[in-house]
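Only one structure is covered here, and it is reproduced in the block below.
Please treat every number below as a calculation from the coordinates, not as lab data. Just so we're clear, the structure is a prediction, and the values are computed from it rather than from any experiment. Note: ideal-geometry Cβ built from the backbone for every residue, glycine included; neighbour counts use all protein chains shown.
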């Protein structure tokens, strides 16, 4: 009798527990469904509100797709910490992640921008997702602040780009000259120590562009328009007059094809846009309707121009407030829909260059590099867009998982020399576009990969505290 009672009680308990579980799942599913419906409504309205006319002077050819790239990471350096002791990549958190200054965590963990193993991994992902190359966020050749390690890392990656058959161009931060002037770190490069700062500033920029002309502009891999090397500028912010730029470029032939930010000048050859965080509302959030308004305004101004660069971005979620700085605002990722919207706007405008903001600005959360939080979602979409215009594009979504496995092998202490050589050979196949051979080589070497997102995490030693 007792056993029967226990059995009945247990049955009732299990039934009640099952009902509670189903109720929980129903609530979670209902919440998720409600959020999905809200996102669908937001973006249905957004697409209906896009007012981008077919341009008169630009063709519908495949645009050049370039990732805006930050070459400023050093292991344990400023851009992994934002200059505060609150973040420290050497500190391993309970979940195995390094304590980096970002809301997002790269699948490789933190890295050094000069690490050729990382660069092969990143360039392979770009290649396999349909990108043509890189736009370097670059501060010049002067050894001030962290400009020298940024320049050194840029040199290393350009060598890799040439080796791998991809393209690049420079986005010059002319604010770097103003920063050096205010800090008293302009080089005295005129031969006259009594020259005013304005003369030193112009000479510094002129020397920088002469160096680029000698070392980069003639490269086959450097992006050009009608034979002129393309230079983007995040501004101009310091040299605002055309006469200044004419003086800076006086020795150059041909002159750079100059792309400014949001039409800040009337004389630039073309313009690019950027995420309009200045339009964030009082609560710090950039609403999608305001984003659409900014896209409409920018592309309306480009309608009759023969060349334009359109910027696409997945979100904006900076870490600055947590690093005791001023946040620029917040633009929601919306499960990848923000990225898709900005792509649609750029394609409707038939832009010549699609600039992806960004590959790896972890401080501002605009990355498309694979992370734990977003996986490969943005690269998969980028790949899909490439396939729409290039039916012969050979890579698929699962292929995007190959580079991380190759990086793990090449950087792994337990990997044999044979395994590292096999991984290097597979990279060669990827960059040659021999995808079938690359897949077979992965199988032959016993290198496993699938659709999963498997980050590199640190082992966590849990101490037993009595």
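Values computed for the structure shown
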item: Estimated 222 nm signal from helices in the chain, with DSSP H stretches of n ≥ 4 weighted -39500 (n - 2.57), rounded to 500; result: -13500 deg cm²/dmol
item: Cβ crowding within 10 Å averaged over residues, with 151-160, 279-288 ranked highest first; result: 151-160, 279-288
item: Cα pair distances in the stretch 125-191, grouped into 10 Å bins until the bin that holds the longest one, percent each; result: 19, 41, 25, 12, 2
item: All Cα pairs of the stretch 398-450, percent lying beyond 12 Å; result: 59
item: Tail weight of P(r) past 19 Å, computed on alpha-carbon pairs of the stretch 296-446, percent; result: 65
item: Measure of compaction for the chain (Cα Rg per 2.2 N^0.38 Å); result: 1.11
item: Exposure proxy order (Cβ contacts within 10 Å, fewest to most) of 217, 145; result: 145, 217
